[in-house]
Amino acid sequence: MARSCGGPALIAVAHGSRDPRSAATVAAVVADIAAARPGVDVRLAFLDLNAPSVEQVVDAVARQGHSHAVVVPLLLGSAFHARVDLPGMLAAAQARHPQLRLTQAEVLGPDGRLIDAVWDRVTEAVGGVRYSGDKRLGIAVAAVGSSSPAANVRTAGVARRLAALTGHRTEICYATTEPSLPQAISRLRARGADEILVAPWFLAPGLLTDRLITAAPDVVHASVIGPHPALAEIVWDRYDAAVANTLTMSA
């Protein structure tokens with residue numbers, strides 16, 4: 001079969017999870033991405049735990065006859081998976097398919113449009129009504145967490161930016177390291193918040209978001225980002241930037 005003539009293929013790479021809700025949510029996200037540009041061959045791949053793997057998708061794209069594919073990590077932070085795992089996989093795939101140029105794009109976040117998307121999920125969780133300042137709402141922004149302190153510091157910026165956007169008290173917390181969600185809630189209470197809402201900095205639901213709900217079952221938990229118009233926009237921006245950079249380097 002002839003390859004798409006709409007430009008380089010786009011391979012959207014997600015983390016992967018044992019929880020089937022995660023793969024289903026990511027598939028819905030990628031369906032939105034593909035619908036935005038029907039002329040581009042868009043594929044979904046996973047780093048781990050789900051199929052198809054990165055290797056399988058690259059092999060399929062090569063068989064399709066593409067000469068160039070842009071790999072966009074569906075990751076919210078630039079930690080080990082984006083800096084080590086994925087580049088290693090792509091280097092091995094490049095060696096198998098020397099005729100196929102593979103370009104890794106930047107990760108998704110923290111993009112301002114994703115901060116807006118989190119706020120959309122917060123407002124949905126409270127019935128679409130934006131709290132006024134006198135309600136003393138506290139928002140615990142809950143992320144995965146990393147073994148890299150520097151990565152966690154970068155992620156903490158999401159809470160600060162959400163506070164700047166909304167005017168509400170925010171605290172960062174992590175599902176896998178400290179500060180934990182109960183610690184973030186205690187800090188928000190100490191700062192005067194009398195209503196707490198958890199805003200997941202996650203693309204998809206899974207075991208870790210369930211862990212957060214278990215850790216704080218008595219507060220409202222907003223939905224994960226999931227399929228949102230901002231995601232497709234950001235992915236295509238990352239794709240376009242990677243293509244432009246490739247053309248500049250080739251000039």
Compute the helix-to-body angle for 149-166: its Cα long axis versus the longest principal axis of the chain, expressed 0 to 90° and rounded to tens. 60
Rg and Dmax of the stretch 126-251, Cα atoms, in Å? 17.0, 58
Return the Rg/Rh ratio of the stretch 167-220 with Cα-based radii and a Kirkwood Rh. 0.94
Could you work out the relative contact order of the stretch 128-223, using alpha carbon pairs under 8 angstrom and six or more residues apart, expressed as a whole percent? 35
Quickly work out the ARG136-to-ALA36 label distance, labels modelled 7 Å from Cα along the C-beta direction, and quote it in nm with one decimal. 4.1
Computing the accessible area with a 1.4 Å probe over protein heavy atoms, can you report the carbon and sulfur percentage for the chain? 56
Per 5 Å bin, what is the whole-percent P(r) computed from every C-alpha pair distance within the stretch 189-251? 4, 14, 16, 14, 12, 11, 9, 8, 6, 4, 3, 1
Dipole in debye (nearest 20) - the chain, about Cα centre, beta carbon charges: Lys, Arg +1; Asp, Glu -1: 260
If we count every other residue with Cβ under 12 angstrom of ALA92's Cβ, Lys/Arg +1 and Asp/Glu -1, where does the sum land? -2
Please state the relative contact order of the chain as a whole percent: Cα pairs under 8 Å, 6+ residues apart? 23
For the stretch 48-111, whose charge dipole is built from +1 on Lys and Arg Cβ atoms and -1 on Asp and Glu Cβ atoms, the candidate among HIS81, ALA93, SER53 with its Cα farthest towards the positive end is ALA93
Run the 1.4 Å probe and let me know the accessible area of ILE172, rounded to the nearest 10 Å². 20
Longest principal axis of the chain (C-alpha) makes with the long axis of helix 229-250 (C-alpha) an angle, in degrees to the nearest 10, of 40
Order these peptides, 138-146, 96-104, 153-161, by their mean beta-carbon neighbour count within 10 angstrom, highest first. 138-146, 153-161, 96-104
To the nearest 10 degrees, how steeply does helix 54-64 sit against the main Cα axis of the chain, on a 0 to 90 scale? 40
Checked against the structure, the computed semi-axes √(5λ) of the Cα gyration tensor in Å among (1) 39, 18, 14; (2) 36, 17, 16; (3) 29, 22, 19 is the one labelled (2)
Counting only heavy atoms of the protein chains, get the accessible area per residue of the stretch 1-142 (1.4 Å probe) and round it to a whole Å² value. 44
Keeping all protein chains in position, work out how much accessible area HIS168 exposes to a 1.4 Å probe, and write it in Å² to the nearest 10. 20
Which length gain, in nm to one decimal place, applies between ALA91 and ASP194 when the Cα-Cα distance is subtracted from 0.36 nm times their residue separation? 32.0 nm
Students sometimes get this wrong: rank ARG211, ARG63 by accessible area, probe 1.4 Å, all chains present, largest first. ARG63, ARG211
Residue farthest toward the positive end of the dipole of the stretch 136-204, with Cβ of Lys/Arg at +1 and Asp/Glu at -1: which of THR166, LEU181, TRP201? THR166
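The values are calculated or read from the model by the stated rules, or taken from the named source; none is laboratory data. Note that this is a predicted model, so its numbers are computed, not measured. Glycine also receives a Cβ, built like all others from the backbone with ideal geometry; neighbour counts cover every protein chain displayed. Only protein heavy atoms, including side chains, enter the accessible area calculation; ligands, DNA and RNA are left aside. Shrake-Rupley method; radii C 1.70, N 1.55, O 1.52, S 1.80 Å.
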